[in-house]
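Q: Okay, here's the structure, questions in a sec.
The values are calculated or read from the model by the stated rules, or taken from the named source; none is laboratory data. Only a predicted model underlies this, so the values are computations on that prediction, with no experimental measurement involved. We place every Cβ from the backbone using ideal geometry, glycine too, and count neighbours over all the protein chains shown. Side chains are part of the model used for accessible areas, which takes the heavy atoms of the whole protein and leaves out ligands, DNA and RNA. Shrake-Rupley method; radii C 1.70, N 1.55, O 1.52, S 1.80 Å.
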Amino acid sequence: MTLSKGIFREYDIRGITGKDLTPDVARLVARAYAAFLKEQQVTGTIAVGRDNRPSGEGLHEALVAGLLESGIDIVDVGVVPTPLAYWAQHTLGVAGGIQITGSHNPPEYNGFKLGVGTRSIYGDDIQRIYQLAAAGQFPSGKGTTRDEPIINRYIDDVVQRIGPIARPMRIVADAGNGAGAVVAQKLFDKLGIQTTCLFCESDGTFPNHHPDPTIPKNLEALIAEVKQGGYDLGVAFDGDADRIGLVDHTGDIIWGDYILLLYARDVLARTGKGQSIIFDVKCSQALPDAVEKAGGVPVMWKTGHSLIEEKMHETHAPIAGEMSGHMFFSEGWYGFDDALYGAARVVRIVVNSGRSLRDLLADVPRYVSTPELRIDCPDETKFDIVAKAVQHFGSKYKTIDVDGVRILYPDGWGLLRASNTQPAIVMRCEAKTQADLNTIRTEIDEWLTQQGVRV
C-alpha cells in the first residue's frame, strides 16, 4: 500500500477516495493517531463522527478498526456536521476526536479532521502523524466502542444559550444536501424561527449544487427563494456546516468579513470594549476600521482555520473569523467554528436590534475588490516567490507580513500569500475605486509575470 504524503495537509488529512484515500489508509491514519496520542501521553476515549459522503462509511469502518486494535476506546457520535464533532470533544469528557469529512470539497474527496483534548491538530503535528504512519510502529490493544447520539443534546445546548427569539423571523436555510441537513431544520424549529429549508435532504453526492457558500453560483437558489418569498434573511452552510454564508432580505450576499463584523459589533456592545477581534489577511479594510470604531482591537492574522482558532485562544478574543466563512465563538460558545450556532446567533442579533440585517451593515463602506484569486504555482516554489514579494514590495510600500505580504497602497491594498492547501499563490486586492483597483492589480500582475508566474 502506498501512503501519499500529499494528503497530510496543513489543517487536515484529505484526498480523493479510492485513489490516495482508501480504507487501508484510514486504518493506518487511526493507528498513527494512536501512536501520536501515546507520544503525547494522552489517554482516554476518542469521539468519532463522520459527514454524509457515501465514502465515509467504509473509511469509518476502517478507522474504527484501526483505533480499536491500537487499544483506543471510542464513542461513536454517528453522521453529524463537523461542529457537532467539536461539540462532542468539549462536552463528552473525551481525550480527543476524529471527524471524517470532505468539508466543502467536491464529492470525490474525503478526509479526517483530528483533535486532541478540545483543540485541533494541525501543522507540524499532522506531519508527525504522517511520520508515525510511515514508520509503522503502533501501540496495540483491545479498545471498546459505544454509540452516543448527540444531535438533540447539541440542539438543546444552542437553544438554551441563544434563548427564545423575541419576535417572528422568516428565514431560508440552504444545507446544500450536506451534513448540516441532519440538524438545521430541527434546530431552527426548536428556536421558533419560521424556516424554509432548501436541499435539507442529506445526500453526500450533492445533487443540487456544490456546498461551498463562498462561491456566488452556489447561492443562486437561496437568493431566488429569499427574494421571491419576502424573507428576513437567508443562510447557507458548506458540506460539513463549519462555514456560513449569508444573504440579506434583498438577496445581496454578506461576505465573511462583514458577517464577522456583525458578530464583533454585537459582542463589543454587550460585553465591553477593548477586546481583540481576530480576522485573516484576506478581509476588507472596512472590517478593522469598523471594529476600532466600535471600541474593539482588530488583530489581523494568518489565514487558516486552526491558526485563527489558536490566535483567538492566545488573545482571549470573544470572536474570530475568516473571509472563508469560518466563524469562531468563545463568548457564549466553546471556541470552535460553527455555522449552525452562528446562524442562530445572526437571527438573535437581528431580532434584538429591531432592524434588518441590511440596515445593521448599511454604514459600513463597500469597497471595490477582486475575489480570492488562486494562481497556479508549484509547491516547491510558491513560498520562495512570496518571500521575494515580501522583500520587493516592502522596499516600496508599507506592508503587513504576518501571512505573505499585504501591500498598503494610498487608496487600497493587495495581498500575495502561499496557499497552505494547494500548489497556488493566493492574491486579493481591494481599493476605493475601480481605477485604483486596476492600478494595484496591474503592478502585482506585472511583478508576478517577471517571476515566471502565469497570472
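Q: Roll a 1.4 angstrom probe over the protein heavy atoms and tell me the percent of accessible area of segment 3-125 that is carbon or sulfur. Before the final figure, lay out each step's value.
A: On the way: 1830 of 4060 Å².
It is 45 percent, rounded to a whole number.
Q: Rounded to the nearest whole Å², what accessible area per residue is found for the chain with the 1.4 Å probe? Don't skip to the answer; put the middle values down first.
A: Working: 17840 Å² over 455 residues.
It amounts to 39 Å² per residue over the chain.
Q: Determine the alpha carbon to alpha carbon distance for each of Lys113/Lys311; Lys19/Lys217; Lys273/Lys311; Lys5/Lys113; Lys19/Lys142 and list only those over 24 Å. Don't skip to the end; give the middle numbers.
A: Details: Lys113/Lys311 19 Å; Lys19/Lys217 29 Å; Lys273/Lys311 19 Å; Lys5/Lys113 16 Å; Lys19/Lys142 30 Å.
Where the Cα-Cα span goes over 24 Å, the pairs concerned are Lys19/Lys217; Lys19/Lys142.
Q: Can I ask one more? Read phi for every residue in segment 148-159 and hand back ³J(HN,Hα) as whole Hz from Karplus 6.51 cos²θ - 1.76 cosθ + 1.60, θ = phi - 60°, with x for Gly and Pro.
A: Per-residue couplings from phi come out as 9, x, 10, 4, 5, 5, 4, 4, 4, 5, 4, 4 Hz.
Q: Restricted to Cα positions, what overall size does segment 316-378 have along the principal axes? Three whole-Å values, descending.
A: Sorted from largest, the Cα extents of segment 316-378 read 47, 30, 22 Å.
Q: Might you list the cysteines of the chain that have no disulfide-compatible partner by the rule of another cysteine's Cβ under 4.7 Å?
A: Lacking a cysteine Cβ partner under 4.7 Å: Cys283, Cys377, Cys429.
Q: Then there's this: Subtract the Cα-Cα distance of Arg374 and Gln40 from 0.36 nm times their separation in residues, and report this length gain in nm to one decimal.
A: Values: separation 334, 0.36 × 334 = 120.24 nm, distance 3.66 nm.
Result for the pair: 116.6 nm of gain on full extension.
Q: Continuing with this model, one more query. Of Val25, Thr101, Gly251, which is farthest along the charge dipole of the chain in the positive direction, counting Lys and Arg as +1 and Asp and Glu as -1 at C-beta?
A: Gly251
Q: Related question: So what is the relative contact order for the chain, in percent, with contacts set as C-alpha pairs under 8 Å and at least six apart? Could you put the intermediate results ahead of the total?
A: Numbers: 993 pairs, mean separation 52.9, N = 455.
Across the chain, relative contact order equals 12 percent.
Q: What is the percent of Cα-Cα separations in the chain that go past 28 Å? If you can, show how the numbers build up before the last one.
A: On the way: 52761 of 103285 pairs.
Considering the chain, 51 percent of its Cα-Cα pairs are separated by more than 28 Å.
Q: Please work out how much length the chain gains when fully extended from Ile215 to Ser395, using 0.36 nm per residue of separation minus the C-alpha to C-alpha distance, in nm with one decimal. All intermediate terms of the calculation are to be shown ahead of the outcome.
A: Values: separation 180, 0.36 × 180 = 64.80 nm, distance 3.50 nm.
Length difference between fully extended and current span is 61.3 nm.
Q: Now, a different point. Taking 8 Å as the Cα distance limit and 6 or more residues as the minimum spacing, I'd like the relative contact order of segment 65-182 as a percentage.
A: Working: 121 pairs, mean separation 43.8, N = 118.
Computed value for segment 65-182: 37 percent relative contact order.
Q: Using a Förster distance of 45 Å, how high is the FRET efficiency between Lys190 and Lys273, based on the Cβ-Cβ distance and rounded to 0.05? List each step's numbers first, then the result.
A: Details: r = 33 Å, r/R0 = 0.74.
That gives a FRET efficiency of 0.85.
Q: Just to compare against my own numbers: the Cα pair-distance distribution for segment 82-193, 5 Å bins, whole % per bin, please.
A: So the P(r) values, bin by bin, are 2, 9, 14, 17, 18, 15, 10, 7, 4, 2, 1, 0.
Q: I've got another one for you. Could you check how much of the accessible area of segment 298-345 is carbon and sulfur, as a whole percent, using a 1.4 Å probe? Walk me through the intermediate numbers first.
A: Values: 560 of 1070 Å².
Ligands and nucleic acids excluded, carbon and sulfur reach 52 percent.
Q: Could you work out how far the C-alpha centroid of segment 193-255 sits from that of segment 377-404, in angstrom?
A: A separation of 36 Å, based on Cα centres.
Q: Between Glu61 and Thr433, what is the spin-label point distance in nm, taking each point 7 Å from the Cα along the Cα→C-beta axis?
A: 6.5
Q: Under 14 Å Cα to Cα from Lys398, which aspartates and glutamates show up? Leave out anything in the same chain fewer than 8 places away.
A: Straight-distance partners of Lys398: Asp411.
Q: If each of Ala135 and Leu408 carries a label point 7 Å out from its Cα toward its Cβ, how far apart are those two points in nm?
A: 4.5
Q: So, with a 1.4 angstrom probe, what is the percent of accessible area on segment 162-265 that is carbon and sulfur?
A: Numbers: 1820 of 3540 Å².
Carbon and sulfur: 51 percent of the exposed surface of segment 162-265.
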